[in-house]
Structures are given as structure tokens and as C-alpha cells.
Amino acid sequence: MCDSPADPRQVAEAVPRPASGSAVDPIALEPVDEIVITTLVDNVYDALLPGDERTTRAPFGLGRAQAPQFETGSTTVGLMAEHGFSALVSVRRGTTTTTLLFDTGLSPGAMVTNAGRLGADLSQIQAVVLSHGHFDHAGGLAGLAGKQGTRSLPMVVHPRAWTRRRLTVPGHERQELPTLSKRALEAEGFAVIERREPSLLVDGCVLITGEVDRTTEFEHGMPPSHQQWTGSAWEHDPLVIDDQALVAQVRGRGLVVLTGCGHAGAINIVRHAQRLTAVPALHALGGGLHLSGPAFEPIIGRTVGALTHMSPELLVPGHCTGWRAQHALAAAMPAAWVAGSSGSSFRLAAA
């Protein structure tokens with residue numbers, strides 16, 4: 001979803017209200033004893049990645065599929081990878097564990113297939129959170145609805161997640177993006193909760209940021225090819241204002257921030273989470289950071305510099321981060337950076 005840098009006028013239009021200093025009324029985000037983030041869908045699946053004390057990798061041999069070309073008539077299968085993102089987030093406080101689903105991937109089948117092969121019971125999730133309305137984060141809702149039946153399941157979204165959007169990349173045909181239907185989701189049994197403001201879930205242990213304040217001078221959003229329908233005309237949509245992140249605080253460690261695409265900017269998102277919670281330490285950052293393509297590669301250096309200053313103990317960029325940014329982040333923070341992959345689980349425990 002990237003092509004060319006914006007001109008100065010478009011850059012100016014891309015910068016909404018800044019917010020500085022501490023929040024007037026900080027959100028009391030209750031610390032948790034443990035958070036486990038399992039990537040159900042990412043752009044890559046690598047069964048040869050090593051694990052460590054906090055990282056569990058999905059191996060080969062997660063199931064069998066018919067394949068008459070083999071003597072046994074079947075072969076071993078792994079997990080699916082696609083241009084999308086989905087993660088299970090399990091939060092434990094004391095003896096109580098709550099599991100949320102953050103985004104659902106690109107296709108109707110990948111997330112539910114991977115969850116099944118990993119032994120993850122999707123019927124146990126207690127809410128769905130959508131980072132934004134782009135189809136590569138919401139496509140798996142169809143497969144989830146099939147698994148859930150008619151059971152009502154809360155789904156937290158920004159009210160602009162239903163925005164009709166298209167891409168007009170020079171030299172290519174215009175491409176209208178699939179648009180989410182609130183009516184269809186409610187008919188499937190999802191209890192849609194629309195929020196622009198921050199939301200506290202799981203007895204105050206999980207924060208959904210709502211709209212993210214744009215305070216950096218270099219994270220300018222999407223290029224002119226990304227457009228939205230206003231009801232009367234198509235216009236540049238640089239902000240993807242429905243972009244939001246999931247935040248938790250691990251006791252004695254600091255904040256854990258999970259993004260979908262990071263359209264608001266990775267640094268804007270982390271600073272927004274710090275400001276809302278008055279928790280300065282960033283323990284972990286994961287998810288898509290949207291640093292791929294010519295419109296975003298120029299800000300890789302400044303993003304890496306700012307993240308290095310924040311000193312997270314764990315950094316798992318995925319999805320739309322891009323290989324150039326991955327290399328830069330890995331080189332700058334070798335102790336924190338960990339390769340992402342469909343099926344990887346990351347356990348973060350209290351100090």
C-alpha cells in the first residue's frame with residue numbers, strides 16, 4: 001500500500017492534533033503477572049527458527065494432509081503464512097486468564113486453520129479487537145464466525161473501520177479494497193462495540209488505545225494513492241484514523257504494545273501508550289510497523305533511532321514492517337529483536 005512520498009501540502013494534511021506532556025487523567029492500567037502472545041497469522045512461517053526461554057516456535061508435523069505422491073498417501077503440514085496479521089493474546093492476573101483475539105488475518109481460512117493445528121481453542125476467546133478496518137486484518141472474521149456459531153462475541157472496533165477505501169497507484173488499475181460490513185458481522189453474532197476513545201478490557205488489565213495522537217514530525221501516514229470515500233468523492237486518506245493498538249503492563253517490567261499495521265506510526269503509538277498510562281518503560285513491541293516501500297523506507301532510520309532510545313527488552317516486528325526495516329532493527333537492537341513467524345508464542349512474565 002505504498003508508492004511515492006507525499007508533497008509538503010499532503011504532509012501538512014497528514015498531521016492531526018499534537019498532544020504533549022502527561023495525560024490530564026492517566027488511565028490506571030492494572031499490571032498483569034503474565035502475557036502470552038501467539039502469532040496465528042504473519043507474512044512468514046519458518047519451522048526452523050529456534051526458540052528461547054520466552055519464545056516457543058511451531059515445528060513441522062502439526063498435521064497431515066492427503067498427498068497421493070507419497071508412499072503413505074499423505075504428507076506432513078505446517079502453518080499458513082499470508083500478507084496479514086492475527087494474534088491470540090492471553091493475559092493472566094493471579095489465577096485468572098483471559099484470552100483476546102487481535103486481528104484475524106487476510107483470508108477466511110488461514111487463522112482458523114493455524115489455530116487448529118496449534119491446538120488453540122478459538123471458542124475460548126472472550127473478545128475480538130480489530131486494529132483497523134483493512135481487509136488483511138479482518139478477512140479471518142468469516143472463518144471465525146463459522147467456528148463460533150451464533151454465540152455473541154464482543155468485538156471492539158473504531159467507528160471508522162467501516163470506511164470505504166481504494167488504492168490508486170500510478171501505472172496500475174485502481175483497486176477498491178474490501179470493506180467491512182457492520183450489519184453482516186452483527187448478523188453473524190458479533191456484538192460490535194465502536195470506540196474512538198481508549199477502552200479498558202479484562203478488568204482494567206488491557207488497554208485499547210483508540211485514536212492515536214500523532215506527535216512525531218516524521219511519521220506522516222499513507223501516501224496519496226491511499227484514498228477514502230467521503231460519501232460524495234474520493235480523497236487522500238493519510239491517517240487511517242481507525243488504527244489502534246493493544247497495550248498491557250507486565251508487573252515490574254513495563255508496557256507491552258501490540259500493533260496491527262502501525263499506521264499511526266510505531267513511535268507515535270508507543271508514546272501515546274506511555275502518555276495514557278503514565279508508564280514510561282517499554283518492555284516489548286510487536287506486530288506490523290509499516291516501514292516497507294518507498295513511501296516509508298526514508299523514515300526507517302529515525303524510527304530505529306527512537307526505538308533504540310526506548311530500549312525494549314523484546315522487539316518482534318512482523319507483517320508490513322519490511323525486510324529493510326527488519327535488518328536495521330536487528331542490527332541496532334540484536335538483544336531485543338526476534339524474528340516473527342506464524343505459530344510463534346512469546347511469554348512475558350512479571351519481574
inquiry  = Restricting to segment 256-281, name every residue that is free of Cβ contacts under 8 Å to residues at least 40 places away in the same chain and open to solvent by less than 10 Å² (accessible area, probe 1.4 Å).
reply    = Val257
message = Restricting to segment 126-150, and then to whatever is in a helix (DSSP H, G or I) and among the aliphatic types (A, V, I, L, M), can you tell me which residue is surrounded by the fewest Cβ atoms within 10 Å (Cβ to Cβ)?
response = Ala142
task = Considering only segment 83-125, state which residues are farther than 24 Å from Leu285 by Cβ and part of a loop (DSSP other than H, G, I, E, B).
result = Gly94, Thr95, Ser107, Pro108, Gly109, Gly119, Asp121
task = Kindly indicate whether Val169 is open to solvent by less than 10 Å² (accessible area, probe 1.4 Å), closer than 24 Å to Leu289 by Cβ and of a type in the set (A, V, I, L, M, F, W, C).
result = no
query = Looking at segment 147-161, is at least one residue of a type in the set (Ser, Thr, Tyr), within 20 Å of Asp42 (Cβ to Cβ) and touching a residue at least 12 places away in the same chain (Cβ under 8 Å)?
reply = no
inquiry  = Out of Phe190, Phe218, I need the residue that is over 19 Å from the mean Cα position of the chain (by Cα) and exposed (fewer than 15 other Cβ atoms within 10 Å of the Cβ). Which one?
reply    = Phe218
query = Out of the residues in segment 59-76 that are of a type in the set (A, V, I, L, M, F, W, C) and modelled with pLDDT of 95 or more, which is most open to solvent (accessible area, probe 1.4 Å)?
reply = Phe70
inquiry  = Within segment 77-94, take every residue that is farther than 14 Å from Gly318 by Cβ and out of contact with any Leu (no Cβ under 7 Å at 6 or more places or on another chain) and give me the one that is surrounded by the fewest Cβ atoms within 10 Å (Cβ to Cβ).
reply    = Gly94
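The values are calculated or read from the model by the stated rules, or taken from the named source; none is laboratory data. Source: prediction; values computed, not measured. Every residue, glycine among them, receives a Cβ derived from its backbone with ideal geometry; neighbour counts consider all protein chains shown. The accessibility values were calculated without ligands, DNA or RNA, using every heavy atom of the protein model including side chains. Shrake-Rupley method; radii C 1.70, N 1.55, O 1.52, S 1.80 Å.
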